[in-house]
Amino acid sequence: MRTLGLFSLEKRSCDISVVLGIDNACKLDLSRIVEEVRAQYEALALRSWEEAEALTRRKVFGSLSDSRREIADLNIQIQKLRSCIVSQKSQCLYLEEHIKEAGEHGEMALKDAKAKLVKLEEALQKSKEDMAHLVKEYQELMNIKLALDVEILTYRKLMEGEESSLGKQRGNERFLTSPLSFSPILQFLPAP
């Protein structure tokens, strides 16, 4: 920085032109003039140096305060991101716990459903066996009914044959009666 200031000062001093008027009648005191120019030059160099330092300070401190502001903003953003990360982690833990609980409930429900399925299959098998047994009993009862129907029909025909022979005997006696009145059993039998 110091070198930059000196370079700037030298450049300014080169641009300064000094016009000296010479009076031949006067005796010139060049040493005094040189001292005055030197004093002006030193004052100008000092002023330039102070201006350069002030400008440098403003730039440095300005950029330093800007950097401090940026650092403060970045720290605020970092804090926000950290709190967001903590929040997301806790939400992830919460969701993982719920997923775990749901998995456990799902496994329990699946086991329960499998147990119910086994019971239902057993009940279905038992129902099938009961149905087969009932069908077998029904077939046996139908066979018995068919046999009874055949037997009843046979007895009816026998009774009708007997009634007709009795009717012929009585017809000779001229006594008219209903054919059913002779057989009380036929009254309770179903009609063919």
Problem set entry | Rounded accessible area of residue 148 (nearest 10 Å², 1.4 Å probe) | 90 Å²
For this session: Quick one: dipole size for region 101-172, taken about the Cα centre, charges +1 on Lys/Arg Cβ and -1 on Asp/Glu Cβ, in debye to the nearest 20.
Result: 480 debye
Exercise. Which value, in Å², gives the accessible area per residue of region 22-93 when a 1.4 Å probe is used on the protein heavy atoms?
Worked result: 88 Å²
Exercise. With labels modelled as points extended 7 Å from the Cα through the Cβ direction, what inter-label distance (nm, one decimal) is found for residue 39 paired with residue 68?
Worked result: 4.2 nm
Problem set entry | Cα shape, region 26-120, gyration tensor, a/c 1.5 rule | prolate
For this session: Tell me the label-point distance for the pair residue 127, residue 111, using the 7 Å Cα-to-Cβ offset, in nm and rounded to one decimal.
Result: 2.8 nm
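The values are calculated or read from the model by the stated rules, or taken from the named source; none is laboratory data. Only a predicted model underlies this, so the values are computations on that prediction, with no experimental measurement involved. Positions of Cβ are generated from backbone atoms using ideal geometry, with glycine treated the same way; all protein chains shown enter the neighbour counts. Surface areas here come from the heavy atoms of the whole protein model, side chains and all, with no ligands, DNA or RNA. Shrake-Rupley method; radii C 1.70, N 1.55, O 1.52, S 1.80 Å.
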